[in-house]
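Please treat every number below as a calculation from the coordinates, not as lab data. Here the structure is a predicted model, which is why all the values come from computation and not from measurement. Because the Cβ atoms are built from the backbone with ideal geometry, glycine has one as well, and the counts that use them run over all protein chains shown.
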Amino acid sequence: MIIALAGRRVDALDATQPKFPLQNIENVGSAVRALLQEHSATAVVCSAACGADLTGLAEAGKLGIRRRVVLPFARDKFRESSVIDRPGDWGSMYDSILDAVEAQGDLVVMANADADDPYSATNRAILEEAVALGKASSEAVGALLVWDGVSRGADDYTDQFGAEARKRGLEVFEVLTT
């Protein structure tokens, strides 16, 4: 199965409502690994933000599963805005994973991401990449939400990802971060 993944970034230091506490990384990683194994995942497609994305990519790497990464803009800009701005040693993990993914030809940097909403465009591109991989390999495609299970409202990209996956007829799985 091809797994398209999206989810929460690890909480900021000043977070008042926990969505993905840093201390839950190990448990979330174990749950993601178990889901990938249970569904015989052969590829994971996601972005590479701190939290759900990098945790999922790390677990897929440990299992020898293909990793395809979709970024809304250049690698360095994404690293600054979505990786190293939260607690944890995400920068070195990001660099290592992206180096490996890029060497395999599985890094997609969107040249024309919607300037007004690059993250929604990235969500759609992740799903499109996963569906294309599934079609090419005649495999089922599923979507994995790694989150607290509660929408923040209209601007919740994880909730939007799940809705778009369902609209496309994909089976949606969840791993909770809290």
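Within region 165-178, the set of residues being surrounded by fewer than 18 Cβ atoms within 10 Å (Cβ to Cβ) and part of a helix (DSSP H, G or I) comprises R166, K167. Selection of first residues in region 56-83 that are touching a residue at least 60 places away in the same chain (Cβ under 8 Å) and of second residues that are in a helix (DSSP H, G or I), restricted to Cβ pairs under 7 Å at least 6 apart or on distinct chains, gives the following pairs, ordered by first then second residue: G56/V32; R68/E129; R68/L133.
Residues in region 117-144 that are in contact with a Phe, Trp or Tyr (Cβ under 9 Å, 6 or more places away or on another chain) and closer than 17 Å to S40 by Cα: G142, A143, L144. Sub-6 Å Cβ pairs linking a first residue in region 9-36 that is part of a helix (DSSP H, G or I) to a second residue that is of a type in the set (D, E), at least 6 apart or interchain, are G29/E59; V32/E59; R33/E59, ordered by first then second residue.
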